[in-house]
Amino acid sequence: MVILLVDISFGVRVPSFPVDGSGAEEFISQIHGFLTEFEDYFDSAWICDHFIPWADFVDKRTPTLEGFSALAYFSAIYRKLKWGNIVLCNSYRNPALLAKMSATIQLLSNGRFILGIGAGWKGDEYIAYGYEFPPARVRIRQLEEAVQIIRIMWTEGKATFQGKYYRVVDAICEPKPKPTPPIMIGGGGEKLTLRVVAKYADWWNIPNASPKTYKHKLEVLKKHCRAVNRDFDEIVKTLSTMIALCKNKTEALKLAEKSPFIRKGYEENYIIGDPERVAGKIKEYIKLGVKVFIIRFLDFPKLDGAKLFLQEVIPRIH
């Protein structure tokens, strides 16, 4: 039974690389074990878009899944889940091609696709794979043009667009995706990215933000919405976060301290604690307006954290 609290939903982050020294085959087995156990209980699953590990503490030669092909594979097997990337790097795929790829996934998955997309950030990955890495302001403007092309292709079936960075002429997208997937734009840049969110996003995502930071970003987003005459409430607010959850606070703190994902001194950006503490922090985000939570359980590949979340956190949120 999928866990839904009125209009609140919970998704799971599918790791794209192992952190326990597992080889590729063992890592895939771990993912299957996790998804098989929890497919019935979560609403969505998400995988990042990197060719090498995004975390600096991981050897770049560690087996790493490419995000879009991994999504296509897993979405075909785990059909009870919606699937999205968190988030695709706009620079890595021509937007017209991405529109066509996404429409195909939406058709084959029977409408379970969410397009997560952002401006990209990992410079060494760009260079390694032969992509130009322009300044952030350029990448964000490229993103803005890309989502316009994608939207036109999805809704009209054919797009002609002349921008500064992209040009398409009668780019056809048939069949058009039904229903039209939500476009979730990721990022928290206050001058440019959130303005693009205000203009074009159906959903907005930011990772690992404390409630204080999240609240501030919402205020900035509201200002941009007013400036472009967009209804702020139309945008679905989402949060991707890491959870260190154990039966007691001491164990949770140990798990967080042991995890290389948790930045020391920035613990408030994550959710750490026993079920009561975790439920309380999730309620803080819900009060701010978060509708979709995308959770990475830090004890993966163990199943304990996710089980405890379902058994003892969810009941406390009701």
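Kindly indicate whether ILE272 is under 29 Å from PHE57 (Cβ atoms) and either touching a helix residue (DSSP H, G or I) at 6+ places or on another chain (Cβ under 8 Å) or not in a helix (DSSP H, G or I) (or both). Criteria met by ILE272.
With respect to the conditions (1) surrounded by 21 or more Cβ atoms within 10 Å (Cβ to Cβ); (2) over 25 Å from VAL236 (Cβ atoms), ILE117 falls short on a single one, namely (2).
Out of ILE52, ILE114, I need the residue that is within 14 Å of the chain's Cα centre (by Cα) and within 29 Å of TYR165 (Cα to Cα). Which one? Spell out the reasoning first.
Details: ILE52 fails: within 14 Å of the chain's Cα centre (by Cα).
Step by step, each of ILE52, ILE114 is checked, and only ILE114 is within 14 Å of the chain's Cα centre (by Cα) and within 29 Å of TYR165 (Cα to Cα).
Give me the residue from the range 16-25 that is surrounded by fewer than 21 Cβ atoms within 10 Å (Cβ to Cβ) and not hydrophobic (A, V, I, L, M, F, W, C) and, out of that set, nearest to LEU310 (Cα to Cα).
Residues of the range 16-25 that are surrounded by fewer than 21 Cβ atoms within 10 Å (Cβ to Cβ), as a first pass: 17, 19-25.
Cutting the leftovers down to not hydrophobic (A, V, I, L, M, F, W, C) gives us 20-23, 25.
Numbers: ASP20: 25, GLY21: 28, SER22: 27, GLY23: 29, GLU25: 28 Å.
Step by step, filter the range 16-25, then rank; the result is ASP20.
Take residues that are touching a residue at least 40 places away in the same chain (Cβ under 8 Å) and tell me which of the helices (runs of 4 or more DSSP H) falling wholly in the range 187-264 contain 3 or more.
Numbers: elements: 193-200, 211-228, 249-258.
In the range 187-264, 193-200, 211-228 are the helices (runs of 4 or more DSSP H) which contain 3 or more residues that are touching a residue at least 40 places away in the same chain (Cβ under 8 Å).
Just to be sure before I move on: is ARG93 within 25 Å of GLY157 (Cα to Cα) and surrounded by 17 or more Cβ atoms within 10 Å (Cβ to Cβ) in the structure I sent? Write out each step before concluding.
Details: within 25 Å of GLY157 (Cα to Cα): yes; surrounded by 17 or more Cβ atoms within 10 Å (Cβ to Cβ): yes.
Yes.
Okay, residues lined up against (1) over 15 Å from the mean Cα position of the chain (by Cα); (2) at pLDDT 95 or above:
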position	(1), (2)
LEU35	yes, yes
ASP56	yes, no
VAL87	no, yes
ASN94	yes, yes
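Inside the range 153-180, residues that are exposed (fewer than 15 other Cβ atoms within 10 Å of the Cβ) and either outside any loop (DSSP other than H, G, I, E, B) or of a type in the set (Lys, Arg) (or both) make up a count of 11.
The values are calculated or read from the model by the stated rules, or taken from the named source; none is laboratory data. Nothing here was measured: the structure is a model prediction, and the numbers come from that model. Glycine also receives a Cβ, built like all others from the backbone with ideal geometry; neighbour counts cover every protein chain displayed.
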